[in-house]
Every structure is written in structure tokens, then in C-alpha cells.
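The values are calculated or read from the model by the stated rules, or taken from the named source; none is laboratory data. As the structure is a prediction and not an experimental result, all values here were calculated from the model. Glycine also receives a Cβ, built like all others from the backbone with ideal geometry; neighbour counts cover every protein chain displayed. Keep in mind that these areas ignore ligands, DNA and RNA; they rest on the heavy atoms of the full protein, side chains included. Shrake-Rupley method; radii C 1.70, N 1.55, O 1.52, S 1.80 Å.
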Amino acid sequence: MELSEAGLGVEQRAAAVADAVCELVDAVTPRTWSTGAVEDAADAIDMLAEALAAIDPEAARVLVAVPAATAALRRRLAPAAAEGVAEVPGPRSGRARRRGLGPGWKGVRATG
């Protein structure tokens, strides 16, 4: 896969995401997650996977398992929430979704 030059602001935004993730990793422990934090982190993983999958069909094939993995994470952590260890939302938490990927986004197309 050969990539062209980054679009306006793409490298800066990607660097900001990477920096924010590093700060999050430094700040959390298994006991410091909240419902909102888990949902936001899982949503961010899903959205980043969608954005990267748009690079080309092979990238889409490689990343196709990410949404299932984040859903499995939410299911895996749900029993802990019932015991009061951490609150983890189900897929329909009633919380407002983050903004979309912008005008013209067509979604991920995986072929093969």
C-alpha cells in the first residue's frame, strides 16, 4: 500500500489522537474506568478503525474485526458492572452518539 501526502491537518490530528491515548493509558487503572469513559474509548476505537479502513480494500479487510472486538469487550465487562466494579454500557445506552465522520462519509466497504 502506498500512501500519498496527508491532507490538510490530518497528521496533526492523528498526532493529537496518539498523544491523547498515551495520556489516557498513563491515567487509567482497571478500577478507574467509568461507564462514559469505556463507551467513549470503544467508540473512538471503532471510529478510528472505520477511518483507517477507508484507505483501501486490504485495510478494510484487516480492520473488519474491530467492531466485533469492541462489542465483545463491552459484553465481557458487563458482568463486572452488575457487581459494581465498573459500569459498562450495553450497545443501547441511551447516550447521545458522538458526531459522525462528516459530510459525504459513505461508510466502510469491504470486498472479498
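Residue count for segment 18-71 satisfying the condition of being among the basic types (Lys, Arg) and outside any helix (DSSP H, G or I): 1. Scoring Ala71 on the criteria (1) surrounded by 13 or more Cβ atoms within 10 Å (Cβ to Cβ); (2) within 28 Å of Ser4 (Cβ to Cβ) leaves a single failure, condition (2). Identify the residue in segment 21-45 that is of a type in the set (A, V, I, L, M, F, W, C) and either at pLDDT below 90 or over 20 Å from Leu63 (Cβ atoms) (or both) and, among all such residues, is most open to solvent (accessible area, probe 1.4 Å). Taking the candidates together, the pick is Val25.
Within segment 37-52, residues that are under 14 Å from Val21 (Cβ atoms) have Cβ atoms under 7 Å from residues that are basic (Lys, Arg) in these pairs: Ala42/Arg74; Asp43/Arg98, counting only partners at least 6 apart in sequence or on another chain. Every test in (1) at pLDDT 90 or above; (2) surrounded by fewer than 10 Cβ atoms within 10 Å (Cβ to Cβ) is passed by Glu50 save one, and that test is (2).
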